[in-house]
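The values are calculated or read from the model by the stated rules, or taken from the named source; none is laboratory data. Owing to the predicted nature of the structure, the values given are computational and were not obtained by experimental measurement. Don't worry about glycine lacking a Cβ; one is built from the backbone with ideal geometry, like all the others, and counts go over all protein chains shown.
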Amino acid sequence: MSITDDRAITHVLERDVDLFVIQLLQTSPGFRNWFFEHLEPEDKPDQFLGIEHSVTDTKGESDIVFGVETQDGQRYLLLIENKIDAAKQERQAERYYERGQSYVANRSWDEFRVGLIAPARYIGRAERKEFQTVIQYEEILDRLEELNHDGIPFIRDVFESAIERRPGTDHSGLTAEISDRLTVSDRLPPLEPPTVNPTHVELHSRHPDHPQNVFYRVYFPGSKDGNKAIVRLQISSDATEAEEERIRSVLSSSIDELDGFEYEPGRIMDAVWTEIWREEESSEGRKAYIDQVAEAVHELLNFYHPRLVTAEHKTE
């Protein structure tokens, strides 16, 4: 065999990226300070307190966890989710916040921050709302060029390969068709153009009195057939307690009138939701499936959108 000067690595997993980010955070003060300041721009790191990979507790797993003491003596715990292309798990971002809150509540740490690192193609409006900070792989790649580190050429190969990796979950045919159907509908309230990616269609109201912390999503979980759809109303993770309480008072008081949907008092990603399954593999079955999904979106928005607009307007 012969060895060329081409890229040294061509197939990258999320764990590979985890380990190189951990190495950089542990060995490069410049990278660590830059990374921390993305998560907490109002404070400056003073002392590195350690780092762990794949930390699991009763509330789930954090990909990367590291600690910093700032110049004013605050102990910050940073919890980082890393994604290359896998679909987010249910309540994944929310569980990160729950873990951070538990660490602060038991006085292990003074503050916590939750961040996402991912390629730009993965990041949409929802990801930016669900996590306190999003750092793109492309930003990390740019930062690598400024570091004096012997391993930078190889680490750069890792990030470039991860950026170019083809997503494993792709239901873009379904999400595109659902988006097209909803865009031309005259039965929906005023909406911004849908945000579409290979796993979901996201809808935001453009009514001035609709709460900005509520949006709607059609989500196709799983990496194979796309034969299950979840139509749901979500509450943004950055909603204040008062905002969430006001929203939930509307959702819970009228859910009994919305047939086929469930209300989850402890969840924000699927505060109100329903599941739809494709019953037949034929083209007729696909059409019926998409019809059902679109109809569920109409039912959800036409039911809750006016109620949320009215409730928001009354509080002003």
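Need the failing condition index for Ala242 against (1) in contact (Cβ under 8 Å) with a residue 24 or more places away in the chain; (2) farther than 12 Å from Val293 by Cβ; (3) of a type in the set (A, V, I, L, M, F, W, C), just the number.
Exception for Ala242: condition (1).
So for region 3-13 (the condition being more than 30 Å from Leu233 (Cβ to Cβ) and modelled with pLDDT of 90 or more), does at least one residue qualify? It would help to see each step written out before you state the result.
Taking region 3-13 and keeping what is more than 30 Å from Leu233 (Cβ to Cβ), we get 3-13.
Right, trim to modelled with pLDDT of 90 or more and you get none.
Taking every residue of region 3-13 in turn, none turns out to be more than 30 Å from Leu233 (Cβ to Cβ) and modelled with pLDDT of 90 or more.
Exactly one condition in (1) of a type outside the set (A, V, I, L, M); (2) out of contact with any helix residue (DSSP H, G or I) (no Cβ under 9 Å at 6 or more places or on another chain); (3) at pLDDT 95 or above is false for Arg187; which is it?
So the condition that Arg187 fails would be (2).
Out of the residues in region 98-119 that are in contact (Cβ under 8 Å) with a residue 24 or more places away in the chain and closer than 26 Å to Leu13 by Cβ, state the one that is nearest to the chain's Cα centre (by Cα).
Going through the qualifying residues, I end up with Leu116.
Filter region 62-105 down to the residues that are under 25 Å from Ala120 (Cα atoms) and acidic (Asp, Glu) and list them by number.
Asp63, Glu81, Asp85, Glu90, Glu94
Name, by its number, the condition in (1) within 17 Å of Ser236 (Cβ to Cβ); (2) acidic (Asp, Glu); (3) surrounded by fewer than 21 Cβ atoms within 10 Å (Cβ to Cβ); (4) touching a helix residue (DSSP H, G or I) at 6+ places or on another chain (Cβ under 8 Å) that does not hold for Asp85.
(1)
So, in region 192-224, of the ones that are more than 20 Å from the chain's Cα centre (by Cα) and in contact (Cβ under 8 Å) with a residue 40 or more places away in the chain, which residue ends up farthest from Val297 (Cα to Cα)?
Taking region 192-224 as the starting set, the residues that turn out to be more than 20 Å from the chain's Cα centre (by Cα) are 206-210, 224.
So of that shortlist, the ones also in contact (Cβ under 8 Å) with a residue 40 or more places away in the chain come out as 207, 209-210.
Working: His207: 17, Asp209: 20, His210: 17 Å.
For region 192-224, the residue satisfying everything is Asp209.
Kindly indicate whether any position in region 194-206 is touching a helix residue (DSSP H, G or I) at 6+ places or on another chain (Cβ under 8 Å), of a type outside the set (Phe, Trp, Tyr), surrounded by fewer than 18 Cβ atoms within 10 Å (Cβ to Cβ) and modelled with pLDDT under 95.
Among the residues of region 194-206, at least one is touching a helix residue (DSSP H, G or I) at 6+ places or on another chain (Cβ under 8 Å), of a type outside the set (Phe, Trp, Tyr), surrounded by fewer than 18 Cβ atoms within 10 Å (Cβ to Cβ) and modelled with pLDDT under 95, which makes the answer yes.
Please give the strands (runs of 3 or more DSSP E) falling wholly within region 207-316 in which 3 or more residues are surrounded by 13 or more Cβ atoms within 10 Å (Cβ to Cβ) and out of contact with any Lys or Arg (no Cβ under 7 Å at 6 or more places or on another chain). Spell out the reasoning first.
Details: elements: 214-219, 228-235, 272-277.
It comes to 214-219, 228-235.
Would you confirm, using the coordinates I've provided, whether Glu244 is in the same structural domain as Gly285 (by TED's automatic domain parsing) and closer than 19 Å to Arg128 by Cα?
Yes, satisfied.
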